[in-house]
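Here's the structure, in structure tokens; my notes come after.
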Amino acid sequence: MPSFAKLFATPWIWSFLGALIVWLAAVIFTGGHGAGGMITAALSLAVFTVIVGLGQMFVITLGPGNVDLSLPANIGLASAVAMKTMDGQDSLIALGLLAALACGVVIGLANYALIRVLRIPPIIATLSSSFIILSTDIHYGRGLQIKPPDSFADFANVQFFGVPILGLFGVALAVVAWAGLQKMVYGRSVLAIGQNMRAAKLAGIPVERVRLLTYTLSGALGGINGALLAGYFRGASVDIGNEYLLSSIAVVVIGGTSVAGGKANVPGIWGASLFLVLLLTMLNTFGVSAGLRLLLTGLIIVGVITAAGGHKTGR
């Protein structure tokens, strides 16, 4: 019994439990039809939220006020940059991915420049930059859907025994993020800054360098996510990243990362991403209207967050 109590005291377990409950509800409603397909689809879609969620997690872990609101615009522009660079040619796929990554890195650096040089609060700086990025995307992409090379689109949708290859990439990326957070100086520095920035400075941690790397990391993950999304959906578009504004923050909070900073939870990102995707699938299966779906989604998310952390006192 003590082991079970310890398990359920772990914040990230609630996100996986929530995902299991909504999956079971959908399976029961459909009489068991399509249960495996539902999991495959959830893994395919959740990986994109995992990628941007990991970047957002590192940013939020830096402490109160740190958040990257430029991710949706970043994803949209990077998807267009990747597809235009690839130009429908298989030989240019690697170059297109590098171009998307570089686009995200530049956006991350620009976000930090606004925060550091102009002393603008992160939430305002990244929101402001998102409008600039969106305008650039509209001009660059001309509002048209740009198609990827067929082999890249096929790769983004390939599965091994029902497991999407992008899902495996998402798991590998989460493992790297966990190792970086727990085993590397950079990760421990992020946690220390989030717990107490002043103490971190006194301890000799290069606070501003770590913040620069963190916002750049978030931008880079947003950029690569844009390229992968364009491959999966077989086309880039201006609004391809719109849904990742709130979902990238929601998975961080639901997954057990503290919005007060100094505490991150990598496994919870996967659990929360699966939960959100399966929740949307369940509500669609039930034939719930768009308005009611948004209301129920919000209420359920509040419930999961409360169950995961409501019993704990804030810092």
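Throughout, read-outs are computed from the coordinates displayed, never taken from laboratory work. This is a predicted model, so every value here is computed, not measured. Cβ sites come from the backbone with ideal geometry, for glycine too, and all protein chains shown count toward neighbours.
Rg to Rh ratio, the stretch 59-167, alpha-carbon atoms and Kirkwood radius? Result: Rg/Rh = 1.06. What value, in deg cm²/dmol to 500, does the helix sum -39500 (n - 2.57) over DSSP H runs of n ≥ 4 give at 222 nm once divided by the residues of the chain? After summing the helix terms and dividing by the residues of the chain, the value is -25000 deg cm²/dmol. Note on the stretch 11-308: Lys pairs 8 or more places apart or on different chains, Cα atoms under 24 Å apart, count 4.
Relative to the Cα centre, what is the charge dipole magnitude of the chain, using +1 at the beta carbon of each Lys and Arg, -1 at the beta carbon of each Asp and Glu, and rounding to the nearest 20 debye? In debye, rounded to 20, the chain gives about 1120.
The peptide list 185-197, 156-168, 266-278, 207-219, put in order of mean Cβ contacts within 10 Å with the highest first, becomes 266-278, 207-219, 185-197, 156-168.
Below 8 Å, C-alpha to C-alpha, sequence gap of six or more: please give me the relative contact order for the chain in percent.
37
Each 5 Å bin from zero holds the following percent of Cα-Cα pairs in the stretch 11-308: 1, 6, 12, 16, 18, 17, 14, 10, 5, 2, 1, 0, 0. Across the alpha-carbon atoms of the stretch 52-106, the computed radius of gyration and Dmax are 13.7, 44 angstrom. Among 297, 126, 257, the largest mean-square fluctuation in a Gaussian network model of the chain, built with springs joining Cα atoms closer than 10 Å, belongs to 297.
Only helices reaching 30 angstrom along their own axis (Cα) with mean Kyte-Doolittle hydropathy no lower than 0.5 count here, and for the DSSP H runs of the chain these are 35-61, 93-116, 207-232.
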